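Okay, so here's the structure we're looking at.
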Amino acid sequence: MTAQMKLGVFLWATGHHIAAWRHPKSHVTAGIDIDHYIQLARTAEAAKFDMIFCEDAAGLREANIGIGSQTSRSIGFEPISLLSALAVQTSRIGLVSTASTSYNEPYGLARTFLSLDHLSGGRAGWNLVTSASPIEAANFGATGLKPHADRYERAREFAEVVTSLWHGKASGHAGQSFSVRDPLDLPRSPQGAPVMVQAGASDVGRDLAARTADVVFTAAQTFEEAKAFHDDLKARMAAYGREPDDIKIMPGVSPVVAETEAEAREKHEELQELIPDDVGVALLSSYLSISDLWRYPIDGPLPELPESEGMKSRQALVVEQSRRDGLSIRQLARHFAGARGHWRIVGTAAQVADELQARFEGGAADGFNVMPSYFPGELDAFATLVVPELQRRGLFRRDYEGLTLREHLGLKRPA
Amino acid sequence: MDNGATMHLAVSLLPGTSDLTGEPEFPRLVRFVQQAEAAALDMVLLADSAPASDSGTVNNPMPFEATTLLAALATVTSRIGLVAAASTVTHQPYNLARRFASLDIISHGRAGWNATMARSPREATNFSRPEGFSDTDFRRRSEEYIGIVQGLWQGWDADALLFDKSGGRFHDPEKMHLLDHKGEFFFVRGPLNVARSPQDTPVLVLSGLSEPDLDIAARTADVILLESGSVESAKVRYDDLKRRATAAGRDPDAVKVLTNISLAPDDSSATLADRLETQFRAKSCDGFSIHLSQLSVFDDFFKRVAPELRRRGLFRETYRGTTLRSHLGLAGGGEQ
Ligand SMILES: Cc1cc2nc3c(=O)[nH]c(=O)nc-3n(C[C@H](O)[C@H](O)[C@H](O)COP(=O)(O)O)c2cc1C
C-alpha cells in the first residue's frame, strides 16, 4: 500500500476564522457547550481522522479588552479537562492537547497526560509549546515573558524529564530548571508513551523537534516554504539518531469547501465581511509581537519590525508574505484573520484534494492539521466532501488500522 | 428532622481502592459512581494518588490523576457532585483555577476542588522544591493560593457573555474583571479564559486541617472535612468552626462540616445507621464523608445503610437541584 496522509482536526471553539462566531451558522455558545465538542469529536472519528488537536494559552489571547470582547477568543475549555471528557465519549480518535513548558512542572504534566492516555486507551498526545505571549506571562509572575532562548532551554530539559518519566525510567533528575525524585506512580502507557507533538519553528524550535517530537505542527503558506521546512527538519534528525519517518510533519490548512467553486468563494467572502478592521489588525499585531501596528496607515505597507522574542517563526512568515504579495496592512490583516497565517484553500472537494495531494506527494507534508473556518459547518463539509475524495484517491484511510494514536500515525512503539 | 435538615453524604475514593480483579479500572469506577448517584449522595471525592502520600509505598495506585478522572466521570453521570483533590504544590494557581472552572462547565455545575492543608514534603521533591516548605510558609502560601483561585473564579459576571452576532459583541468588557494579584508568593493578573461557573464558583473542600488552619478554612471553605473522634469532641470542633465562620462575616450555614468515617466490612448496617444518626442529631457535623478500602464494601452501604437513613428521615429521597451547591444547600458563590 502506498503511504497515506495523516489528518488531524484542530478544534477551536467557534472556528479558526476570527469572525467565525458571527457567522449565522456557527455555534456561538461553543466555548461553554461540552455536547458541541462531543459531537465534533464523533464527527471527526466517523471520518477516521488520526486525531483531535487543541491549542492552548494560559491567559487571554488579546491584550485589548475592547477588541477581545469583539471576538470569541476570551473563553473556552481548558484542553486537558476537555479531552479527558472526550476520551470516554469516543473510542478511536487520538486526543492531543497543547501544554506549556514555561508554566508547568514536568512531573505533574507527565502524570496528567499519562492519565489521559489511560482514560483513552492509548490515544493521548502532548503538544509541547514554549508560550510566546506576555499576557500569559503576567499570570505566572512579575518578571514578564522570558527570552526566547531561555524558554527553549527550559523546554529542552522539560521534554527530557517527561520522556524519561513516561518511559518508566527511575527518576532522580536534578537539572538546571527542574528536580524530580520519584518515578511516576501510574502504570505504563498503553501505547508505550503518549505521542509528543511540537509546534515551534525557529532554529532552536526545529532542533528540539528533531530531537524529541513524533509529530510537528507548523504553519506554511506556499509549497516552497512547506517543502523547505520539511526537508530541513528531517535532515536535522540524523544528528539525534532518528530516521525521517519517525516524525510526521503536519502543516495547518484551513479549507473553505463547497459543492461548487462559486459557492466556496461566496462562503469565504461572507466570513471576510464579518471582520472589523481593528480586530483584524489587533490579531496580526499579536502574532507579530508588536503593540502599535494601528499607528501606521492601514492601507500602507507593513513597517520594519523589531526582532521578536515571541513567535519568531510566525513573524518571519508574515513579513515574507507581505513582501511577496505586496499586501497593505489591511489586506494582510484580513488575510491573516482567516487562519492566523496558516494555509487556506477555497474551492471544491476536488480542488482541495488536488492541493493537499500535491503537497503530500511533493514531499512537503506527511499530513495536515485541518482548521475548519467555523464549527460545525466546515468540519462537516470537510468530512462529507473532502475525506471521501481523498479516500477515492487512496490518499487517506477508510478505517483505523489500530487502536492507539501511535498506531494511527504509524509510529514506533517506544521500548 | 424537625427543621427538615438532612445530612450530607460523600464517599471518598482513595488510592488503593482499586481491587485488582482484572476488570478494567474505568468501568468499575463508573459503576461505583453511578451507584452513588442512584443513592442520591451529595458527592464523590476523588483522591489523587502518589504526591499526596508520604508513605513511600504505593499499593495498587489508581491509573488516573484526579482532575482528568473527574472530567471523564462527568460525562457518564448527571447529578452527583464530583470533587477532585489537587495539590497547591503540583499546579500554578492560574492553571488550577482554570482546570476546575472548565471541569465545572463540563459537569454542568457539579465540580469541586479538594485542597489539603497538610504539607507533604515528599511531593515537593518531585516539583523542583527539594528543600520543601516550612509549615508556616506552606500555610501562608496556601491561603494566598486559595484566595487567588477563588478570585479568578469570580472574574466574569454571570451576565458577561452577550453572544451578539450581528452587533459583533461577544462579551461585555465591563463584566470581565482583572484580578491583579500581587502577593508574597504569586503574581497573577487574570482573568481566566474560561467562562463563569454554572454554580457561580466550583465548591471548595478543605481537609487535612491543623489548629492554625481553622481560620483559613472558616473564611474560605464551602465544605470542611474533619477526622472522626468522640461525639463530644466533634461537637466542640463543629461549634468552634461555625463560630469562626460567623466571625469572618459568613453565614455559619454557608460552611458544611463533614466527618470522615471509615467503613469496615463487618459493620452491620443498623449499627452504622445508629452511629451516624447519633452523631448527626448531636449536631456534631452536617454530614459524613465515607472512606473505604474496597469498592465492594459499598454495596452494603448503598443497598442498606442509605435506605435505612432515608427511612429515618435523615437523608434525602432524591436530588432537588442539579448543581453540587444545590445538593449541599449552599447559595451561589460570591454573595454568601
Ligand atoms: C504552528 C504553531 C502552533 C502553535 N501553537 C501554540 C499554542 O497553541 N499555544 C502556545 O502557547 N504557543 C503555540 N505556539 C508557539 C510556540 O510554542 C513558540 O512559543 C513560538 O512559536 C516561538 O517559537 P518559534 O519562534 O520557535 O516558533 C505555536 C507555534 C506554531 C509554529
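Worth a mention:
- Test item: Cα-centred dipole of chain B, Lys/Arg +1 and Asp/Glu -1 on Cβ, debye: 500
- Percent carbon-and-sulfur accessible area, chain A, ignoring ligands, DNA and RNA, probe 1.4 Å: 51
- For the stretch A:350-373 versus the stretch B:158-182, the gap between their alpha-carbon centres in whole angstrom: 38
- Cα gyration tensor shape of chain B, rounded if a/c is under 1.5, else prolate or oblate by comparing a/b with b/c: rounded
- Accessible carbon and sulfur surface of the stretch B:182-253 relative to its total accessible area, %, 1.4 Å: 52
- Dipole magnitude of the stretch B:182-227 about its Cα centre (Cβ charges: Lys, Arg +1; Asp, Glu -1), debye to nearest 20: 420
- Shielding by other protein chains, B:93-99, mean Cβ within 10 Å: 5
- For B:Arg99, the shell of other residues with beta-carbons less than 12 Å away shows a net charge of -3, using +1 for Lys and Arg and -1 for Asp and Glu.
- Neighbouring Cβ atoms from other chains, within 10 Å of the Cβ of residues in A:138-144, number 6 on average.
- Length released on extending from B:Ala264 to B:Ser166, taking residue separation times 0.36 nm less the Cα-Cα span: 29.1 nm
- Taking all Cα pairs closer than 8 Å and separated by 6 or more residues, the relative contact order of chain B comes to 21 percent.
- Per residue accessible area of the stretch A:150-250, 1.4 Å probe, in Å²: 38
- The interface between chain B and chain A buries about 4900 Å² of solvent-accessible area in total (1.4 Å probe, ligands and nucleic acids excluded).
- Shape category assigned to the stretch B:126-211 from the gyration tensor of Cα positions, a/c cut at 1.5: prolate
- Computed over protein heavy atoms with a 1.4 Å probe, the accessible surface of the stretch B:214-336 works out to 44 Å² per residue.
- Between B:Glu174 and B:Arg140, the simple spin-label model (points 7 angstrom out along Cα→Cβ) gives 4.0 nm.
- Distant-in-sequence amide H partners of A:Glu78 (H built 1.01 Å from N, under 5 Å): B:Ser102
- Centroid-to-centroid, using Cα positions, the stretch A:34-96 and the stretch B:208-256 are 39 Å apart.
- For chain A, the Cβ-based charge dipole about the Cα centre amounts to some 820 debye (Lys, Arg positive; Asp, Glu negative; other atoms uncharged).
- Rolled with a 1.4 Å probe across the full set of protein chains, the surface gives B:Leu13 an accessible area near 0 Å².
- The separation of the stretch B:64-118 from the stretch A:214-283, counted between C-alpha centres, amounts to 35 Å.
- Where B:Arg140, B:Arg196, A:Arg413, B:Arg250 fall by accessible area, highest first, once all protein chains stay in place (1.4 Å): A:Arg413, B:Arg140, B:Arg196, B:Arg250
- The residues packed around A:Ala350, meaning those with a beta-carbon under 12 Å from its beta-carbon, carry a net charge of -3 if Lys and Arg are +1 and Asp and Glu are -1.
- Pairs beyond 29 Å (Cα-Cα), from A:Lys146/B:Lys182; B:Lys182/B:Lys256; A:Lys169/A:Lys234: B:Lys182/B:Lys256
- Nonlocal amide H pairs with B:Leu82, under 5 Å, H built at 1.01 Å: B:Val44, B:Ala111, B:Gly112
- The mean number of Cβ atoms from other chains found within 10 Å of a Cβ in peptide B:100-109 is 5, as a whole number.
- Stretching A:Asp277 away from A:Glu261 to a fully extended chain increases their span by 3.1 nm, per 0.36 nm per residue minus the current alpha-carbon distance.
- Free of any GluC sites (Glu not before Pro) that DSSP assigns to a loop and that have at most 10 other C-beta atoms within 10 Å, the longest stretch within chain B is B:185-316.
- Shown is the FRET efficiency for A:Asp245 and A:Gln357, computed with R0 = 25 Å from the Cβ-Cβ distance and rounded to the nearest 0.05: 0.80.
- Backbone amide hydrogens, once placed in the peptide plane, bring A:Val216 within less than 5 Å of A:Gln198, A:Lys248, A:Ile249, A:Met250, excluding anything fewer than 5 places away on its chain.
The values are calculated or read from the model by the stated rules, or taken from the named source; none is laboratory data. Worth saying up front: this structure is predicted, and the values here are computed from it rather than measured. All Cβ positions, even for glycine, are placed from backbone atoms using ideal geometry, and neighbour counts span all protein chains on display. Surface accessibility is based on the protein's heavy atoms, side chains included, excluding ligands, DNA and RNA. Shrake-Rupley method; radii C 1.70, N 1.55, O 1.52, S 1.80 Å.
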